[in-house]
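The values are calculated or read from the model by the stated rules, or taken from the named source; none is laboratory data. Just so it is clear, the model here is predicted, and its values are computed rather than measured. Areas reflect the complete protein model, heavy atoms only, side chains present, ligands, DNA and RNA absent. Shrake-Rupley method; radii C 1.70, N 1.55, O 1.52, S 1.80 Å.
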Amino acid sequence: MASNEGVAILLYGPPGTGKTHTIANVTSALLAKGQRVLVVSEKAHALHVLRDMLPPALRALTVSIADVS
């Protein structure tokens, strides 16, 4: 298996341009290949929206440190 260690993708843009859909698609593809993915956001709500967009089987693989008390 090829390693993508050190590879980063940064998505930046105005609201309503499909960034969350793109992140969900890329995350799903990488998780399906058994790779690890780290998604960070300034706002926890954005991470919740993203998690809800993932297929249920992949959603079960997610961990959010924003939810840790």
- Item | the chain - mean residue ellipticity at 222 nm from DSSP helices (-39,500 (n - 2.57) per run, n ≥ 4, rounded to 500) | -11500 deg cm²/dmol
- State whether the stretch 11-65 is rounded, prolate or oblate according to the following rule on the C-alpha gyration tensor (a ≥ b ≥ c being the square roots of its eigenvalues): a/c under 1.5 gives rounded; otherwise a/b larger than b/c gives prolate, and the remaining case gives oblate. prolate
- Query: Over the chain, what percent of the accessible surface lies on carbon and sulfur atoms, probe 1.4 Å?
  - Reply: 60 percent
- Average Cα contact separation per residue, the chain, under 8 Å, 6 or more apart, as relative contact order %: 26 percent
- Item | Accessible area (Å², per residue) of the chain, counting only protein heavy atoms and a probe of 1.4 Å | 84 Å²
